[in-house]
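Notes follow the structure.
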Amino acid sequence: MFRAIRTSTPKRSVFSPSTAIFQKSKSTMAPSKRKASAPQTSRINGDPSTDKKRKTTTDAPPPPTNPNASSDPLRTPHPFYKDSEAHGIVLRKFYPSEMSNARAQAYNNNELPRPIETLYAALAEPETASLRKSLPVRQAVVHWFKMDLRLHDNRSLWLASQKAQEAGVPLICLYVLSPEDLEAHLRAPIRVDFMLRTLEILKRDLDALEIPLWVETVGKRAEVPSRIKELMKSWGASHLFCAMEYEVDELRREAKLVKRLAEGEEDERMVAQVVHDTCVVMPGALKSGSGGQYAVYSPWYRAWIKHVEENPDCLEMYEKPVANPPGTRDRRQFSHLFDCPIPEAPEGKRLRDDDEKVRFRALWPAGEHEALRRLEKFCDEDIGKYAERRDMPAKQEGTSNLSVHFASGTLSARTAIRAARDRNNTKKLNGGNEGIQRWISEVAWREFYKHVLVGWPYVCMNKPFKPLYSNIEWSYNASHFRAWTQGRTGFPIIDAAMRQVLATGYMHNRLRMVVASFLAKDLLIDWRMGERYFMEHLIDGDFASNNGGWGFAASVGVDPQPYFRVFNPLLQSEKFDPDGEYIRRWVEELRDLDDLSKKEVHDPYGRCGSEEVRKRLEERGYPRQMVEHAGARERALEAYKRGLARDL
Ligand SMILES: Cc1cc2nc3c(=O)[nH]c(=O)nc-3n(C[C@H](O)[C@H](O)[C@H](O)COP(=O)(O)OP(=O)(O)OC[C@H]3O[C@@H](n4cnc5c(N)ncnc54)[C@H](O)[C@@H]3O)c2cc1C
């Protein structure tokens with residue numbers, strides 16, 4: 001089934017700066033001369049009518065004074081910047097203060113270069129472009145593994161392998177472990193553990209092909225490009241291939257890498273090929289009617305389907321790399337590379353104890369073989385019923401549980417979509433079996449959010465997609481936040497979901513929406529604290545999907561729920577866990593209370609008539625509902641309205 005059909009170099013270019021959708025940046029403009037555009041326009045949220053209404057609202061309190069006022073609105077932080085720093089949202093160790101809305105708007109006005117444009121510019125510089133065309137291969141070619149931890153259907157790895165084979169030199173694989181990156185990107189220990197276990201498997205599989213995997217730990221993340229160059233020099237390598245990652249730090253790092261490798265004397269110059277691979281359709285290829293990136297999923301998805309149908313090579317898969325020339329392992333220059341150990345997780349990113357290790361490893365076997373096994377099983381047994389079961393968290397087989405594999409790159413989206421399509425009675429991605437169609441469209445959501453990062457890079461910098469929503473005054477109530485994280489809100493469905501994440505590193509999609517809405521709206525807590533908490537605990541923590549999911553639930557992102565649509569946790573609970581089966585699985589206090597009916601389990605104190613049962617709940621310490629939903633909803637609507645009426 002996983003027949004790879006690439007046997008020769010594809011015609012598509014390795015990177016496509018020319019296809020960038022963005023207008024030429026005006027970044028050379030002196031900052032002081034930049035015009036501060038209105039913080040929000042319909043270009044951002046696509047709703048000019050509501051914008052107008054917001055501006056005429058007069059009962060808003062005066063805006064707080066900005067302690068860091070500067071004459072340049074693009075350099076002045078947002079007036080609420082201290083909150084985001086005090087509560088661990090903006091990590092000042094790595095990043096500047098939260099930007100002003102005007103600065104976010106400047107990205108939208110093409111006044112600041114988007115990081116992908118910076119990378120494309122580095123790749124298009126005459127120096128680097130001509131080297132890519134003409135530099136002869138020296139003694140080795142390198143593939144740099146990042147979030148593409150697989151041999152099958154890995155475009156960058158395949159291109160590197162082709163290059164090495166053509167030149168008759170060995171392929172060397174590299175992985176860079178940057179503890180600072182893990183910290184800055186809030187990687188969960190469970191995810192780091194999964195990644196290190198996957199590296200062990202990758203190393204074994206590569207070893208069978210006589211390809212070494214070198215794992216380099218680099219203390220300072222700013223030094224990654226220089227260290228890669230040093231390593232390549234020591235191996236006599238001239239060409240490096242890697243997949244493009246679409247987050248801001250990574251795009252900027254790769255721009256630096258491309259230039260750094262090209263620097264130096266004739267014999268020190270090297271080439272970096274940064275290739276699109278993680279999405280079926282590369283970001284920038286789909287343009288809305290106005291020529292920009294889509295901010296709404298449905299039209300984006302229609303365009304995505306059309307693009308894939310018109311360019312069927314998007315779904316062509318890549319062979320695994322060819323074995324290195326025999327004897328590579330015995331060559332003095334390379335032999336030590338085969339003995340490189342996989343390091344331990346760095347300080348602060350280790351699992352707590354052996355119990356956690358045993359539990360998490362049993363739950364989440366690592367590596368691409370497991371990813372392919374799960375995919376096959378899901379496609380054979382469950383995908384057909386996906387549409388009916390996907391929203392029911394009690395049904396473990398209702399969804400694929402493949403997100404950790406997509407996030408770590410142990411599975412490619414191409415392979416997954418082809419596997420699903422192969423089970424259908426049509427080649428059309430949006431035809432045939434409803435479950436298959438629906439699953440493919442969910443895999444596409446992941447891709448949509450990656451495209452969003454590229455178009456609106458400030459979402460990677462703690463700003464909401466709609467900058468105006470930065471003006472909402474959030475709560476930072478520590479005891480409320482703690483109750484939410486510990487699953488002690490008194491709403492059984494919320495508590496079950498939050499306990500599931502603590503116990504397994506995973507939460508069902510429906511419940512991610514419910515708990516996120518509860519935090520942002522019922523508790524009015526800054527949604528970015530929840531976003532951070534998810535990243536720190538999820539095995540599948542992926543910046544784009546997590547940010548997109550939180551943006552949707554808190555009504556601050558692309559394609560969001562309107563802010564006045566607030567999930568009612570009780571109704572969600574009754575609809576998606578009608579028998580309370582999921583609740584009882586995770587909320588110990590309610591598990592064996594057989595006297596609680598199916599209806600009562602969703603709100604035990606409020607609905608259970610039995611004094612006896614309520615007493616037992618109290619003895620067990622199960623909390624009463626921490627907020628009254630109707631009142632909390634009103635409070636949220638007021639806060640959103642007030643925030644949107646501010647002009648900061
Ligand atoms: C607040 C919030 C935070 C989220 N954080 C993450 C995250 O950090 N990492 C992550 O991978 N997903 C995240 N999601 C999306 C989604 O919840 C998970 O991808 C899904 O629950 C994973 O389970 P599964 O693999 O069984 O999914 P399936 O239902 O089998 O879907 C198949 C694949 O499609 C993709 N997918 C499905 N739904 C979505 C979605 N709504 N958005 C983006 N991709 C989707 C995932 O890659 C998933 O593995 C988040 C959603 C919300 C609402």
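Rank R359, R614, R414 by accessible area, highest first, at a 1.4 Å probe radius?
Per-residue accessible area, sorted high to low, gives R359, R614, R414.
Looking at this model, which pairs from K146/K427; K93/K349; K233/K259; K146/K203; K466/K521 are more than 20 angstrom apart at the alpha-carbon?
K146/K427
At a probe radius of 1.4 Å, what is the per-residue accessible area of L261, in Å² to the nearest 10?
0 Å²
Report the label-to-label distance for E263 and R591 in nanometres (one decimal), using points 7 Å from each Cα along the Cα→Cβ vector.
5.9 nm
Please give the residues of the stretch 114-150, grouped as numeric ranges, whose backbone N is less than 17 Å from a label point set 7 Å along the Cα-to-Cβ vector of C340.
The answer is 139-150.
Quick one: compute the contact order of the stretch 467-645, relative version, from alpha carbon pairs under 8 angstrom and 6+ residues apart, as a percent.
Computed value for the stretch 467-645: 29 percent relative contact order.
Got a sec? What order do D153, D181 fall in by accessible area at 1.4 Å, biggest, i.e. largest, first?
D181, D153
What dipole magnitude, in Debye to the nearest 20, does the stretch 131-173 give about its Cα centre under +1 on Lys/Arg Cβ and -1 on Asp/Glu Cβ?
That gives a dipole near 180 debye.
Keeping all protein chains in place, calculate the accessible area per residue for the stretch 467-645 (probe 1.4 angstrom), answer in Å².
Here the residues of the stretch 467-645 average 36 Å² of exposed surface.
Determine, for each peptide in 226-235, 271-280, 243-252, the mean count of other beta carbons within 10 angstrom over its residues, then list the peptides with the highest first.
271-280, 243-252, 226-235
Any idea what the alpha-carbon Rg over 2.2 N^0.38 Å comes to for the stretch 467-645?
Cα Rg divided by the expected 2.2 N^0.38 Å: 1.02.
Per q in 0.06, 0.09, 0.11 1/Å, what log10 I(q)/I(0) does a Debye calculation on the alpha-carbon atoms of the chain return?
-0.35, -0.79, -1.18
On the protein heavy atoms, probe 1.4 angstrom, tell me the percent of accessible surface of the chain carried by carbon and sulfur.
50 percent
What share of all Cα pairs of the stretch 375-524, in percent, falls into each consecutive 10 Å distance bin?
10, 30, 32, 22, 6, 0
Given the options H508, L571, A553, identify the residue whose Cα lies farthest towards the positive end of the charge dipole of the stretch 467-645 (+1 on Cβ of Lys, Arg; -1 on Cβ of Asp, Glu).
A553
Mean separation of Cα pairs under 8 Å and 6+ residues apart, divided by the residue count of the chain: what relative contact order is that in percent?
Value for the chain: 17 percent.
Eight or more residues apart or on different chains, and alpha-carbon atoms under 27 Å: count the Lys pairs in the stretch 534-648 matching that.
Taking the Cα cut-off of 27 Å, the pair count is 4.
For the stretch 161-213, what does the convex hull of the Cα positions come to per residue, in cubic angstrom?
87 Å³
If R0 is 30 Å, what FRET efficiency do you get for K287 and E216 from their C-beta distance, rounded to 0.05?
0.15
Working with all protein chains in place, sort E356, E434 by solvent-accessible area computed with a 1.4 Å probe, largest first.
Ranked list, largest accessible area first: E434, E356.
P(r) for the stretch 105-188: what percent of alpha-carbon pairs falls in each 5 Å bin, starting at zero?
In whole percents, the pair-distance histogram is 3, 11, 13, 15, 19, 17, 11, 7, 3, 1, 0.
Express in Å², to the nearest 10, the accessible area of M626 obtained by rolling a 1.4 Å probe over the protein heavy atoms while all chains stay in place.
Accessible area of M626: about 50 Å².
First measure r as the distance between the Cβ atoms of E619 and Q333, then evaluate 1/(1 + (r/R0)^6) with R0 = 56 Å and state the FRET efficiency to the nearest 0.05.
Efficiency, from the Cβ-Cβ distance: 0.20.
Return the whole-Å distance between the Cα centroid of the stretch 223-259 and the Cα centroid of the stretch 351-421.
Each part reduced to its Cα centre gives a spacing of 31 Å.
Could you compute how much accessible surface I417 exposes when probed at 1.4 Å, giving the result in Å² to the nearest 10?
Roughly 0 Å² of I417 is accessible to a 1.4 Å probe.
About the Cα centre of the stretch 467-645, how large is the charge dipole given +1 on each Lys and Arg Cβ and -1 on each Asp and Glu Cβ? Please answer in debye to the nearest 20.
Roughly 340 debye for the stretch 467-645.
Could you rank the peptides 462-471, 597-606 by their average count of other C-beta atoms within 10 Å per residue, with the highest value first?
Averaged packing, sorted descending, gives the order 462-471, 597-606.
Give me the base-10 log of I(q)/I(0) for the stretch 394-438 at each q in 0.24 Å⁻¹, Debye formula, one uniform scatterer per Cα, rounded to two decimals.
With no solvent term, the Cα-only Debye profile gives -0.91.
The values are calculated or read from the model by the stated rules, or taken from the named source; none is laboratory data. None of these values were measured; they are calculated from a predicted model. A quick note on method: Cβ atoms are made from the backbone with ideal geometry, for glycine too, and the neighbour counts reach across all protein chains shown. Please note that ligands, DNA and RNA were not included when accessible areas were found on the heavy atoms of the full protein model with its side chains. Shrake-Rupley method; radii C 1.70, N 1.55, O 1.52, S 1.80 Å.
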